[in-house]
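J.: My questions all concern the structure below.
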Amino acid sequence: MERLDPRTTHGTPDPLVHGGQGAFLGDTPGGTFDPWRYRDDAGVTGVDLVGYKVEANDGGIGKVDRSSHEVNSSYLVVDTGPWIFGRKVMIPAGTVNHVDHDERKVYVDRSKDQIKAAPEFDETADPDPAYRDKLGGYYTDTYSAIPPGTAR
């Protein structure tokens, strides 16, 4: 499956086709970003991603330490190792662009700086709705900050 470069302008289909359910199977109504849901074409279904390397759009950030496949609440916890002083980060499932199972890599559509600037992950807070709202809002804002007309 061919992936689009997010730094290149591409034409996109009308997100309001198919009764307002988005242009692609499984997209949210109106083509909105859902941070807590894996994209249907990401290649995640039924796969344990623990141990996979994680690649931002400008380089590696670490390995998956934990993954969740909860409905409307999916995420990855990534151990960044020495990259940001051994810190772990939670990355909402919606940022996963695709998975290469042969190379055991998860590709996310954010930069290293965007991930580094995300609200700090607290392992005791991950089920906390306020933390999840804050993190989801941050990644939704970084998603909407991508210039119009670019691939997402």
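J.: Check segment 92-109 and report whether any residue there is closer than 26 Å to A130 by Cα and surrounded by fewer than 19 Cβ atoms within 10 Å (Cβ to Cβ).
T.: Of all residues in segment 92-109, those closer than 26 Å to A130 by Cα come to 92-97, 108-109.
Those left that are additionally surrounded by fewer than 19 Cβ atoms within 10 Å (Cβ to Cβ): none.
The answer is no; no qualifying residue exists.
J.: Would you be able to tell me the number of residues in segment 37-79 that are of a type in the set (S, T, Y) and either more than 14 Å from the chain's Cα centre (by Cα) or not in a strand (DSSP E or B) (or both)? I'd like the intermediate steps shown before the answer.
T.: Our first condition is that a residue be of a type in the set (S, T, Y); within segment 37-79, this holds for 38, 45, 52, 67-68, 73-75.
So of that shortlist, the ones also either more than 14 Å from the chain's Cα centre (by Cα) or not in a strand (DSSP E or B) (or both) come out as 38, 45, 52, 73-74.
So the count comes out to 5.
J.: Since E70 meets every condition but one in (1) closer than 13 Å to Y38 by Cβ; (2) buried (at least 19 other Cβ atoms within 10 Å of the Cβ); (3) not hydrophobic (A, V, I, L, M, F, W, C), which condition does it not meet?
T.: Only one criterion in (1) closer than 13 Å to Y38 by Cβ; (2) buried (at least 19 other Cβ atoms within 10 Å of the Cβ); (3) not hydrophobic (A, V, I, L, M, F, W, C) is unmet by E70, namely (2).
J.: Would you say D133 is modelled with pLDDT of 85 or more, in a loop (DSSP other than H, G, I, E, B), of a type in the set (D, E) and surrounded by fewer than 17 Cβ atoms within 10 Å (Cβ to Cβ)?
T.: Values: modelled with pLDDT of 85 or more: yes; in a loop (DSSP other than H, G, I, E, B): no; of a type in the set (D, E): yes; surrounded by fewer than 17 Cβ atoms within 10 Å (Cβ to Cβ): yes.
No.
Here is a yes/no grid of residues against (1) modelled with pLDDT under 90; (2) touching a strand residue (DSSP E or B) at 6+ places or on another chain (Cβ under 9 Å):
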position	(1), (2)
D48	no, yes
N57	no, yes
V77	no, yes
W83	yes, yes
V108	no, yes
D141	yes, no
G149	yes, yes
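J.: What do you reckon, is I115 touching a Leu at 6+ places or on another chain (Cβ under 6 Å), among the aliphatic types (A, V, I, L, M) and free of Cβ contacts under 8 Å to residues at least 60 places away in the same chain?
T.: On the way: touching a Leu at 6+ places or on another chain (Cβ under 6 Å): no; among the aliphatic types (A, V, I, L, M): yes; free of Cβ contacts under 8 Å to residues at least 60 places away in the same chain: yes.
In short, no.
The values are calculated or read from the model by the stated rules, or taken from the named source; none is laboratory data. Please read all numbers here as calculations on a predicted model, not as lab measurements. Positions of Cβ are generated from backbone atoms using ideal geometry, with glycine treated the same way; all protein chains shown enter the neighbour counts.
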